[in-house]
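I have placed the structure first, in the form of structure tokens, so that the comments after it can refer back to it.
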Amino acid sequence: MKTTVPQALIQNFLNHTPTWYKLTILGFLILNPILLMSIGPFYTGWVLILEFIFTLALALKSYPLQPGGLLALEAVLLGMTTPATVYHEALNNFQVILLLIFMVAGIYFMKDLLLFLFTKILLGVRSKILLGLLFSIMGAFLSAFLDALTVTAVIIAVALGFYNIYHRVASGKSSQTSHDSTSDQEIGSLHRENLDSFRGFLRNLLMHGAVGTALGGVCTLVGEPQNLLIADKAGWEFMEFFLRMAPVTIPVLATGLLTCMFVEKIRWFDYGFQLPDPVRLILVEFETEQQKRRDSGDTAKLIIQAIAGIWLIVALAFHLAEVGIIGLTVIVFITAFNGIIEEHQLGEAFKEALPFTALLVVFFAIVAVIQDQNLFSGIIGYGLSLQGSHQIGMFYLANGVLSAISDNVFVATVYIQEVLRAFQAGTITRDQFDLLAVAINTGTNIPSVATPNGQAAFLFLLTSSLAPVIRLSYGKMVWMALPYTLTMASVGLFSVYFLLDPATAYLYETGLIQHHSLDSSGHPTEPLAH
């Protein structure tokens, strides 16, 4: 039966999402104007936030850019904010936009080097506890200087490549014949148990690596998008950001690594799977064959990528340029010396980050509504009415809970703006602002490992083509993240309550960090001398 135009329009709207999801989004769009006229912009604004969080929480049904973007567009059309305010928010956070555009694309051209390193680790280490620990450490270190999404993409690529190799052999297929690795129908009975163990083994390593990206990502200015956003508002550069976060992030890092060893040792929460010897033999044979095929041109490309990696770390550590510009230099250097000179070759590098960049601007539109309607003034006012460690702890907890159910970049964007406004109004001192900024950054980065919603790297893993073949579902990911969530979030809260204030005071006394000020327009100035 031929489809009519109205039927096609309905089918095309949000494509293959369930009918109930489409109707829910349409219901939101119809409800909002009615609420605006009946209960006013303040309460309608709160409804809008809940609707937007709904789109983030159900990111597996539809990427949030489309449903969330429709809600943001409607809010502007209804006059809940203005295009000028949205543009102002985007302009204020231009550094973050540059980070997403150029830094993520720059790291894309270092994938061969990262694949080489992770492959060596995977096949070179036999102890599962040590292997899990190395994946966490590598994920943490690389995410601290590179980009969590790209690091996760590399781990996925390594795991998917090895899975396909063994699945093909287990199905009795040669390397020349076509093969569907999503189907187990042709798996021989002798291979089934090994395949199940191999899937569990890959699930373990992927979760250790993904948690590692969160452990390292919270530590530095470029580790997560919201880090740069917060640092920009506070006027912190790379080393100062690291030092200010260290009283919380270093204990949490140690806790995360100990948790990795613990769950592998006692085999709780679906951890403890070993790599079966027959599988290892097949993978080692394949990698040996690949090494024989590697020529001097491939080696030269790896050397160039390694040089670019060293430059990246040095440039970031000494703040030789803005983060996005450093990313651009990486793109230029690697592509020039590795012969990537066609436009279509360059375009692939930008595919990963641009959808999220567009979503970030939608975040800014929702933040504009929050600001214009003063939606968070009551909550922020209550938090600021608390004293000392209770105040910092409340901001850590509030950011952690919201980040776990929605998106940590969105939550950080909202809270840092509100705290900045409180400082500009004279409600808090500059030193209080700095402590709250640390609480917001750690709160949005650490407890958010609880669900795939909170961490972009987790969501990226869950929506990858690898997740279904290794039986990694949403529920399984939450369950496997649970020990990390409990230990890391608890140690983070303890550190915020008891360590952050005295450790920051010590850093001031030793001259490792300096007191800051802001000018009347809220822009950070140079550190103040003692």
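The values are calculated or read from the model by the stated rules, or taken from the named source; none is laboratory data. Here the structure is a predicted model, which is why all the values come from computation and not from measurement. Don't worry about glycine lacking a Cβ; one is built from the backbone with ideal geometry, like all the others, and counts go over all protein chains shown. Side chains are part of the model used for accessible areas, which takes the heavy atoms of the whole protein and leaves out ligands, DNA and RNA. Shrake-Rupley method; radii C 1.70, N 1.55, O 1.52, S 1.80 Å.
Odds and ends about this structure:
- Each helix, a run of at least 4 DSSP H residues, gives -39500 (n - 2.57); summed and divided by the residues of the chain, these come to -24000 deg cm²/dmol at 222 nm.
- Using Cβ point charges alone (K and R +1, D and E -1), the dipole size of the chain about the Cα centre works out to roughly 1340 debye.
- The C-alpha radius of gyration of segment 1-91, expressed as a fraction of 2.2 N^0.38 Å, stands at 1.21.
- Farthest toward positive dipole pole in segment 32-139 [+1 Lys/Arg, -1 Asp/Glu at C-beta], among Y108, L58, M138: M138
- Judged by the gyration tensor of its Cα atoms, with axes a ≥ b ≥ c, segment 254-373 is oblate; a/c meets the 1.5 cut and b/c is at least as large as a/b.
- To put it simply, the accessible area of segment 25-81 at a 1.4 Å probe is 80 percent carbon and sulfur.
- In percent, rounded to a whole number, the relative contact order of the chain is 22, using alpha-carbon pairs under 8 Å and six or more apart.
- Compactness of the chain as Cα Rg over 2.2 N^0.38 Å, two decimals: 1.01
- Comparing S464, A439, P483 along the charge dipole axis of segment 402-495, the residue lying farthest to the positive side is S464, per the Cβ-charge model.
- Counting Cα-Cα pairs of segment 50-156 in 10 Å increments starting at 0 gives whole-percent bin shares of 12, 27, 28, 20, 10, 3, 0.
- Amide proton proximity set for H515, modelled H, under 5 Å, gap of 5+: L528
- Angle between the chain longest axis and helix 408-424 axis [Cα atoms, degrees, rounded to 10]: 20
- Spatial offset of segment 391-417 relative to segment 440-498 amounts to 15 Å, using the alpha carbon center of each.
- 3J(HN,Hα) from dihedral phi, segment 494-507, Karplus parametrisation 6.51/-1.76/1.60, rounded to Hz, x for glycine, proline: 4, 5, 5, 6, 10, 10, 4, 4, x, 5, 5, 4, 5, 4
- Per residue value of the accessible surface for the chain (all protein chains in place, 1.4 Å probe), Å²: 42
- Straight-line cross-link reach from K111 at under 26 Å between alpha-carbon atoms covers these lysines, not counting any fewer than eight positions away in the same chain: K120, K128, K292, K301, K351.
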